[in-house]
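For reference, the structure is listed below as structure tokens.
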Amino acid sequence: MGPTPLPRKLAAILYADVAGYSRLMGRDEDQTHRTLCDCLDLIAQRVEAHRGEIKHYAGDAVLAKFDAVLDALSCATDMQKCLNTSNANLPADQRLEFRVGVNLGDVIEDRGDIYGEGVNVAARLESLAEAGGICISESIRVAIGNKLSCQYQLLGEQQFKNIADPVRTYRVVVTPANVGTATLPPDCGFAM
């Protein structure tokens, strides 16, 4: 008889990473790091506002856990709008644009962090997203239904490195009614 399996918990997982971060650091490390710190603070505010919990930072990447799918995807769309608003105040060569992946899956919680295939799939989904965009798994798409004013573009079955089964994947398209700054919380911006 083998070891007892570790306890797992179903969670919505958000993984975000900066597109082109190494290039930006190569251009101006100090300014890029300052902007990154502002962005990470903004992301942490949005995660907390949507009842999530930051579990891990790794350089320019953020891993967050949510108990509800609606909270996770609402956070992702809110976060991208806030980052877009804040980026508008920066010169084009200093803007940090995040790619976001959101997945629903089992996680192992240990030492204040989360682990498992659910996390790995979220990270792979992030790599498919466009700069400033969001990709989600089929499990998120089914759970969210029509609860958000978003459209979803099917990207098909994706075979990810070191993930056994293909993952049906969608790109989130925020509708024009939800774009803009009129309804954004006052804490969406950061100072230059």
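No lab work stands behind these numbers, since they all come straight from the coordinates. Remember, predicted model here, so these are calculated numbers, not experimental data. With ideal geometry, Cβ positions are generated from the backbone for all residues, glycine too; neighbour counts draw on all protein chains shown.
What the table shows:
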item: Where trypsin sites (Lys or Arg not before Pro) in DSSP loops with at most 10 other Cβ within 10 Å are excluded, longest remaining stretch of the chain; result: 1-110
item: Segment 1-93: C-alpha gyration tensor shape, a/c 1.5 cut-off, then a/b vs b/c; result: oblate
item: DSSP beta bridge pairing in segment 9-178, given as percent antiparallel to the nearest 5; result: 90
item: Residue exposure sequence - Asp71, Asp41 - by fewest surrounding Cβ within 10 Å; result: Asp41, Asp71
item: Pairwise FRET efficiency - Leu154 versus Tyr115, Cβ, R0 = 30 Å, nearest 0.05; result: 0.55
item: Computed magnitude of the charge dipole of segment 9-178 (debye, nearest 20; Cβ of K, R +1, Cβ of D, E -1); result: 400
item: Enclosed volume per residue, in Å³, of the convex hull spanned by Cα atoms of segment 9-178; result: 115
item: Additional length obtainable on full extension of the chain from Asp93 to Ile108, 0.36 nm per residue less Cα span; result: 1.5 nm
item: Cα extents of segment 58-106 along the three principal axes, largest first (Å); result: 40, 22, 11
item: Helix axis angle, 69-87 relative to the chain longest principal axis, alpha carbon, degrees; result: 20
